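The values are calculated or read from the model by the stated rules, or taken from the named source; none is laboratory data. The structure displayed is predicted, hence computed values, not measured ones. Here the Cβ positions follow ideal geometry from the backbone for every residue, glycine too, while neighbour counts run over all protein chains shown.
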Amino acid sequence: MDSLWQLALDSLWPMVSGALTATIPLAIISFALGLAVALMVALMRISTNKVVSGIARGYISIIRGTPLLVQLFVIFYGLPSVGITIDPWPSAIIAFTLNVGGYAAEIIRAAILSVPGGQWEAGYTIGMSKTRTLYKLILPQAARVAIPPLSNTFISLVKDTSLASMILVTEMFRRAQEIAATTYEFMLLYMEAAAIYWVICLVLSAVQDRMESRLEKYVA
């Protein structure tokens, strides 16, 4: 028992270090890029141009209809067969970004559509163009609606980064796998990794609750 306790203590920092240097940065970078993709896709989705809207629908359908692990494998293991080789980290970022983009696009689209149509008319009345009205009036109001579900998406992404270990990214779960492979204490190491993920998600959930409480002041 003492040896297991010591192993847990000795392995704690390597896994926390993996979370700080890989898991969290990977999630933040992918989420930020994914939001940019999602906004573009959401605007394409609500476009009156059927071709543009159809492309957005197809992208969302593919992303939401295929497992994230398969998307990772296609990018990291599949693309080399057609002459495109991408390192593990960029591969993970690309896969997570595209995945977030597909899911968050529908959240942003719904948020934009939730803004009353009169807000568009108000922007036109004071001389704003359609683009200016979108960015100055519509998106700020839509953000208040979108932030809670987008926060959930980010929390899910933090957990999903564990899949990056399958394409050789040395994040927190891969650190746990490496230590477990040499000590054969798989249950202990994997439970410890689960506990660290849980703590991270608790912190993020607390931040989310704080943000939602502040947003409630501005939501009619």
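Given the condition touching a residue at least 40 places away in the same chain (Cβ under 8 Å) and under 30 Å from Q208 (Cβ atoms), answer yes or no: does some residue in the stretch 177-188 qualify? No, that holds for no residue. If a residue has to be hydroxyl-bearing (S, T, Y) and in a loop (DSSP other than H, G, I, E, B) to count, how many in the stretch 43-63 make the cut? So the answer is 2. Of the residues making up the stretch 181-204, those that are out of contact with any helix residue (DSSP H, G or I) (no Cβ under 8 Å at 6 or more places or on another chain) and in a helix (DSSP H, G or I) number 10. Scanning the stretch 139-182 for residues that are over 19 Å from L98 (Cβ atoms), buried (at least 19 other Cβ atoms within 10 Å of the Cβ) and touching a Gly at 6+ places or on another chain (Cβ under 9 Å) returns M172, F173, R174, R175, A176. The set of residues in the stretch 5-35 that are surrounded by 14 or more Cβ atoms within 10 Å (Cβ to Cβ), among the aliphatic types (A, V, I, L, M) and free of Cβ contacts under 8 Å to residues at least 12 places away in the same chain is empty.
Close Cβ contacts (under 7 Å, 6 or more residues apart or on different chains) running from residues in the stretch 125-150 that are modelled with pLDDT of 80 or more and polar (S, T, N, Q) to residues that are part of a helix (DSSP H, G or I) and surrounded by 17 or more Cβ atoms within 10 Å (Cβ to Cβ) comprise T133/G123. Scanning the stretch 45-64 for residues that are under 18 Å from G34 (Cα atoms), of a type in the set (G, A, S) and surrounded by 14 or more Cβ atoms within 10 Å (Cβ to Cβ) turns up just one, A56.
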